[in-house]
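Accompanying notes for the structure given below.
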Amino acid sequence: MIFIIAFRNLFKSIRHTLIVVFLIMVIIALFYIGNTVLEESNNGLRTTYILNYTGDIVIQEKTDVSMSLFGANTPAIGEFFSIPVLNDVDTINALAADFEEVETITRQISGPAVLDIGTQRFGVPVFGIDPDTYFPCFPGIQLDAGRFLQSGEMGAMLTKGRAEQVKKDTGVPVSVGDSILLSTAGTTGFKIREVPVVGIFSYSNAVQIPDEIVLTDAQTARALNSILLATDSDYAPPETTVDILTDDIDSLFMDEGSDTIADKTESVSLAEIKTLLETGTEPVTQDWKDGGWNFIILRLKKGVNDSDFLKKLNEKLEPFTAKAVDWRTAAGTPALLVLLLQYLFNAGLLLIIIAGIIAIINILLITVFQRMKEIGTLRAIGASDGYVRLLIFTENIIIAAIAGILGIVLGNVLIQVINGMGISVNNSLISSMLGHDRIFIQNSGLMAIASVALSVVLGFLSSIYPVQIALRIQPVEAVAKG
Amino acid sequence: MSIIQLDTIIKTYHMGKVEVPALRGISLTLVKGDFVAIAGPSGSGKTTILNIIGLIDKPTSGSIVIADKNVTNMKKAGLTRMRQKELGFIFQSFNLISVLNVFENVELPLIIGKAEQTKAERRDWVNYLIEEVGLADRKKHKPAELSGGQQQRVAIARALSTKPQIVIADEPTANLDSATGETILNLMKKINKEQNTTFVFSTHDPVIHELADHVIFLKDGNIVRERKQAKEVKK
């Protein structure tokens, strides 16, 4: 019966109903479109970053500031911040790999450097990688020329965007095999490394990824960032060398005519050198598998909830000086900017909602005042507080739910119109935010449900004060107005 | 057996700083099955006394006992329950719920009061009441589609739906022509006799109060005269 009364009352005071429906509908349409765009952008960014260079989870050393794969997330201190080396990297790597949720795992060294290529000079972020694990971890990386960096070799890979930029500026294309100079300056002096370009690559959905990234072997990146190197080879220095180290230091300067080099009168033939090189115990190339790393990057299996896993992993990391962060923190400013935009948009929307609620409350109050006789009559024939409360709430929540559904319909219509217009975006920041270089919004079922829920909450909040007023109506109003 | 007892009821309204006395110390006793008219000119306190008996208004002082319950200091929830179970209302301007049809209006107090009836029992009872007031062919009509007399019949059926011991009617015939008014009064009297329901109604029409068994004359908030006719009261 309450539903019948509530529903028919909506048609009875159709003008008020329509105004309230219109207000809620506009608010919900705004909420729906805005959050659909932001959610889509968020999902686009997420997929792109995860597939291209952040993975799902990044383990890094604990720091006082929020840190991405590029360094500090706060631009002001970025230049004065050096990314700390991860302690206990092997133990943590083994610990993380033991989780069944983890699909692939790789490590990375990061740091800024100056890139000299031809006559051009650029400031670039250098990612030192382990090629064996890095490329399987990031299927978003596509090779455009040359080949992928290989394990144990020194070399660099540039993005297609960077190569095109160089060609545009100098007229000379970047070719595989060209040498590039990477240099850094720090407290320990200047570091300069010359490495060959082994490949040119691009990121999938590149519009969202900075073109500056240079991928190099780990050894080069460590050298540039003054990180200790180590090898896992069986190399042991010859005994004579060790002897020198253990001898009394003064013996090195004793003038007893026993200088072995001065006494050496025999010549060395080319064949002897060749034999020495072939049979010698000193390795010609070293396998620089180990040494310092800044980050361990994890890709999770499909369907794993990354925030749950992050919590679980951080519990395990408690004894270490490391912590795990999500892809958004690891991606740095662009991804955080979208999050900030989302908060700003919803804060703005909150103001509109508050204004809307005030307008709706006024209309509902007028409706309650116009129905004093009806409510008084209900009280006189025995309606309790609960009955009157339920009646008014039911009416308003029905209005709100209908308005919410209409708001989603309106939002969808507007989305279709916007998509149909095929607006292209030239600004890279906006296209990064949208996740496309053309404005195309996809409907979101989850957001539609959230929008209807919001409309019901709106209806409920707007009804609280009018319900209080309705409960103050005395049964005598039934006759007072009669 | 008394069903309504008022003892020294005073009701004073405040119009800004001015106090307006409506009832000046009324005491009366009504017995079960009584058919009572409260008569008097405009402003004599008829509506005020009915509102107090009907528990939709509170006196400034004095005590009230209704159906053996002292309701003088009863709280809001208790008064609501009393109005649900013991009292029925018939208003001068009918006060039907405009969005409900005849059947639904009569059924409404049963639903509000959560009467312990099955849906079928409730439907049969409502249909019976509607037939009793002669509106069987108007069950699906909305109040706006009915004449004044028909609306008042619906109001009578609604007032009786919870089988109350007392029905209060504030000038039930004031908005009706004299012939229809008499029909309504006769209907009320018929129910009074058949179901032994106590009726208390107000009127300023001398023709109407002649039909009552018990007439209380009010003037300026006081009972000036009381007339009782000998009648058979069902026990």
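Quick one: in the range B:167-190, of everything that is open to solvent by 50 Å² or more (accessible area, probe 1.4 Å) and charged (D, E, K, R), which residue is nearest to residue B:34 (Cα to Cα)? Applying the filter and picking the extreme gives B:190. Among the residues of the range A:368-388, those that are open to solvent by 20 Å² or more (accessible area, probe 1.4 Å) and within 13 Å of chain B (Cβ to nearest Cβ) comprise A:370, A:371, A:372, A:373, A:374, A:384, A:385, A:386, A:387.
For residues in the range A:149-159 being farther than 17 Å from residue A:116 by Cβ and at pLDDT 90 or above, which is surrounded by the most Cβ atoms within 10 Å (Cβ to Cβ)? So, considering only residues that are farther than 17 Å from residue A:116 by Cβ and at pLDDT 90 or above, the one surrounded by the most Cβ atoms within 10 Å (Cβ to Cβ) is A:149.
For the range B:78-97, a residue qualifies if it is under 25 Å from residue A:371 (Cα atoms) and more than 7 Å from chain A (Cβ to nearest Cβ), and the qualifying residues are B:78, B:79, B:81, B:82, B:85, B:87, B:88, B:90, B:94, B:96.
Among all positions in the range B:138-147, there is no residue which is touching a residue at least 24 places away in the same chain (Cβ under 8 Å) and touching a strand residue (DSSP E or B) at 6+ places or on another chain (Cβ under 6 Å).
Residue B:52 meets each of the listed conditions (1) touching a Ser or Thr at 6+ places or on another chain (Cβ under 6 Å); (2) buried (at least 18 other Cβ atoms within 10 Å of the Cβ) apart from (1).
Restricting B:127, B:105 to those that are under 26 Å from residue A:385 (Cα atoms) and assigned to a helix (DSSP H, G or I) reduces the list to B:105.
All conditions but one from (1) under 14 Å from the mean Cα position of the chain (by Cα); (2) within 14 Å of chain A (Cβ to nearest Cβ) apply to residue B:35; the one that does not is (2). Name the pairs: first residue in the range B:38-66 and on the phi > 0 side of the Ramachandran plot and in contact (Cβ under 8 Å) with a residue 40 or more places away in the chain, second residue in a strand (DSSP E or B) and basic (Lys, Arg), Cβ to Cβ under 7 Å, at least 6 apart or on different chains? Cβ pairs passing all conditions: B:40/B:219. Which is small (Gly, Ala, Ser), at negative phi, modelled with pLDDT of 90 or more and surrounded by fewer than 18 Cβ atoms within 10 Å (Cβ to Cβ), of A:470, A:453? So the residue among A:470, A:453 that is small (Gly, Ala, Ser), at negative phi, modelled with pLDDT of 90 or more and surrounded by fewer than 18 Cβ atoms within 10 Å (Cβ to Cβ) is A:453.
Evaluate the following for residue A:60: is it in a strand (DSSP E or B), farther than 30 Å from residue A:342 by Cα, of a type in the set (S, T, N, Q) and open to solvent by less than 30 Å² (accessible area, probe 1.4 Å)? Spelling it out, it is not the case that residue A:60 is in a strand (DSSP E or B), farther than 30 Å from residue A:342 by Cα, of a type in the set (S, T, N, Q) and open to solvent by less than 30 Å² (accessible area, probe 1.4 Å).
Restricting to the range A:1-54, and then to whatever is within 14 Å of chain B (Cβ to nearest Cβ) and β-branched (Val, Ile, Thr), can you tell me which residue is least open to solvent (accessible area, probe 1.4 Å)? So, considering only residues that are within 14 Å of chain B (Cβ to nearest Cβ) and β-branched (Val, Ile, Thr), the one least open to solvent (accessible area, probe 1.4 Å) is A:5.
Once the range B:55-101 is narrowed to residues that are out of contact with any Pro (no Cβ under 8 Å at 6 or more places or on another chain) and part of a helix (DSSP H, G or I), the residue that is surrounded by the most Cβ atoms within 10 Å (Cβ to Cβ) is B:80. Filtering A:344, A:337 for residues that are open to solvent by 40 Å² or more (accessible area, probe 1.4 Å) and either among the hydroxyl-bearing types (Ser, Thr, Tyr) or under 13 Å from the mean Cα position of the chain (by Cα) (or both) leaves a single hit, A:337. For the range A:393-419, the set of residues classified as under 30 Å from residue B:83 (Cα atoms) and more than 14 Å from every other protein chain (Cβ to nearest Cβ) consists of A:393, A:396, A:397, listed by residue number.
The values are calculated or read from the model by the stated rules, or taken from the named source; none is laboratory data. Because the structure is predicted, anything quoted here is derived from the model rather than measured. Cβ coordinates were reconstructed from backbone atoms using ideal geometry, including for glycine residues, and neighbour counts include every protein chain displayed. Side chains included, ligands, DNA and RNA excluded: accessible areas come from the protein's heavy atoms. Shrake-Rupley method; radii C 1.70, N 1.55, O 1.52, S 1.80 Å.
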